[in-house]
Amino acid sequence: MPSFSPRSLERLATCHLDLQRLMLEVIKQTDFAVLVGFRNKADQDLAVAEGHSRTPWPTSKHNKSPALAVDIAPWPIDFDDRERFFKLAGHVLATAHFMGLSITWGGNWKTLQDLPHFELRED
């Protein structure tokens, strides 16, 4: 069974407990890495400057503490393999549904498609 690296666990620990519970279930099904949970101001400013985010500090769900967003990638990481990101998203969204969690996936966004990004919806 896949498991998280210490680095992924450290990043996941910065996230909301619901995201932690969700990702701990999904890792039982498929291997992936946690790229980022909470982003401080410097990290958010860099993400915007590099085009990875359009949301300025402190309005991103990554900027809340605990973070209401998490970025993940299939392991081993290959950002060009979109099919693996879609497959991972299917696992995450199905597991979230089963757990009764309302999740938004950045891969469904119209403007900036963000395949690694998942966030808790505030319904």
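Before moving on, here are some points about what is shown:
- Selection status of ALA89, of a type in the set (A, V, I, L, M) and in contact with a Gly (Cβ under 6 Å, 6 or more places away or on another chain): yes
- Within the stretch 99-113, the set of residues being free of Cβ contacts under 8 Å to residues at least 40 places away in the same chain and surrounded by 14 or more Cβ atoms within 10 Å (Cβ to Cβ) comprises THR104, TRP105, GLY106, GLY107.
- Going through (1) among the small types (Gly, Ala, Ser); (2) without any contact (Cβ under 8 Å) to a residue 60 or more places away in the chain; (3) out of contact with any Lys or Arg (no Cβ under 6 Å at 6 or more places or on another chain) one by one, ALA96 falls short only on (2).
- Annotation note: Cβ proximity below 6 Å between a residue of the stretch 1-25 that is under 13 Å from GLY37 (Cβ atoms) and a residue that is buried (at least 16 other Cβ atoms within 10 Å of the Cβ) and polar (S, T, N, Q) (sequence gap 6+ or interchain) occurs for LEU12/GLN20.
- Checking every residue in the stretch 81-93 against the condition of being in contact with a His (Cβ under 7 Å, 6 or more places away or on another chain), within 19 Å of HIS62 (Cα to Cα) and either among the aromatic types (Phe, Trp, Tyr) or free of Cβ contacts under 8 Å to residues at least 60 places away in the same chain (or both) gives zero matches.
- Top-ranked residue of the stretch 21-56 - restricted to ones that are crowded, with 18+ Cβ neighbours inside 10 Å and among the polar types (S, T, N, Q), ranked as farthest from the chain's Cα centre (by Cα): GLN44
Every number here is computed from the coordinates shown, using simple stated rules; none is lab data. These figures come from a predicted structure and were not determined experimentally. Note: ideal-geometry Cβ built from the backbone for every residue, glycine included; neighbour counts use all protein chains shown.
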